[in-house]
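J.: One structure coming up, written as structure tokens, with questions to follow.
Coordinate-derived values only; no laboratory data. Keep in mind that what you see is a predicted model, and the values were worked out from it rather than measured. Note that we place each Cβ from the backbone using ideal geometry, even for glycine, and neighbour counts take in every protein chain shown.
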Amino acid sequence: VLLPLVRGEDAPDPAPLPSRLILPLQTAAGDAARPLVSPGQRVRAGEALSEPLGLLSRVRRAPLSGLVAAVERRPLLAAPLGDGDPGAPATVDCIVLEDLEAPSSPATQAWRELDAAERARRLGAAGLSGAEGLPLDLELELLPPGATLVLRCAELQPGQRSIDWLLRQHAGEIAAAVESLLEPGRFAEAVLVHGEGQKESASRLAAHLEHHLPTRPVALREGYPWDHPRLLVHKASGRWADHARCLAAQGWLLLEPGRLLRLARRLSREDYGSPLLLSVCRVDSGRRGPVPAAPPRLLRLLPGMPLGEARIPLGARPGELLLFGGPFDGRPALDDELPLPEGLDTITLLPRGAWPVHREEACISCGQCLDICPVRLAPVRLVHLIAEGRLAEARALGLGECLDCGLCSWNCPSRIHLGHGLRDGLQQLREGRRER
Ligand code: SF4
Ligand code: SF4
């Protein structure tokens, strides 16, 4: 059962306000931030809850007004499903907000009337995160001049033209958001990555952007909306990103039309009373039997909402397993206390019993992990080198290029947990870089 999430603020079916928000102080790519608040303190929407501390650390802002109930370590996501038994989840410092206040209706002000410094301030205060969970303003700061804007055309499914809908309803706002990102010299080009069935609507979006940005031609490339960010960037540019550096620092800003729309609205607001929202597109294609599959629908969800409170709005049945992410690189959400992550664009819902838990067997040297690796690595060789502590040799064989996509684990007939070993090596590479 696939539940791709498509972001946008006007999706129907808003999920009820959750009882709590769990806000991690660490992103996948960065160091933990230092909390600025203590339990018992009331905070207003948009207020900074943490300050950066170390590499790619972030300011975490309150998505809603509420009461700080706890600042404590909590579990986050486990390993991708392809690795079989996910083991114990990692824990990171989190701020828990309770007694949440429903957002007030924001006053509006034309963003074009604001000067550049004020726009930059609002961009930071908007609390939007980019493709890798970093704040959008930090990503913009990291971008070298002449970067590439990569727009991911996420459709709901063939026949449901969400991009066309966005263009019909919000053409001006999308153009305004793009314009706000286009400081002189920031982007040299824009590329739209779209699936085969989305070519027509992607062309319309490209024409729309070119109309508003006549000096910047927009290229179209084929891909899939659920592709791993680094695969998307490869499809957009023909180059592989270095795994250990964030995409923005390497010259790519990854967005999709729904996030552009949110950005435009955030920039035009006097206050930030409206929470950062996710909208879910549900495609129930996996259930079989007497109960017909539910039709696809959109759903608003708040990042930080505990998974247990999202189960009912998502329509998940008891015993069904949710993956945060797609079937290739989705992380199994085994604990109802896990917060919905920011930047999530897909949820995969697996029926009871469909979750493969495998026992490892001996490698039969079939080479299937090599055949499926999209960056042509030798996963089993790398895993052996990492296990023997020969990190320099693993790096020389391209460990830094690994996408952490989990495909090698999925394809291995001996069910060897290659992804666990690779992730361990990637983490060691990152730590080595931080120590230098
Ligand atoms: S996780 Fe495996 S298949 Fe994916 S890029 Fe890394 S080595 Fe290749
Ligand atoms: S796919 Fe599995 S069994 Fe085949 S070579 Fe790779 S690790 Fe060995």
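J.: Would you kindly state how much longer the chain becomes between Ser19 and Cys363 on full extension, computed as 0.36 nm times their sequence separation minus their alpha carbon distance, in nm to one decimal?
T.: My answer for the length gained is 119.1 nm.
J.: Rounded if a/c is under 1.5, else prolate if a/b beats b/c, else oblate: with a ≥ b ≥ c from the C-alpha gyration tensor eigenvalues square-rooted, which is the range 378-418?
T.: It comes out oblate by the Cα gyration axes.
J.: Using the per-residue mean of other Cβ atoms lying within 10 Å as a proxy for protection, in what order, highest first, do the peptides 390-398, 361-369 fall?
T.: Highest-to-lowest ranking by the protection proxy: 390-398, 361-369.
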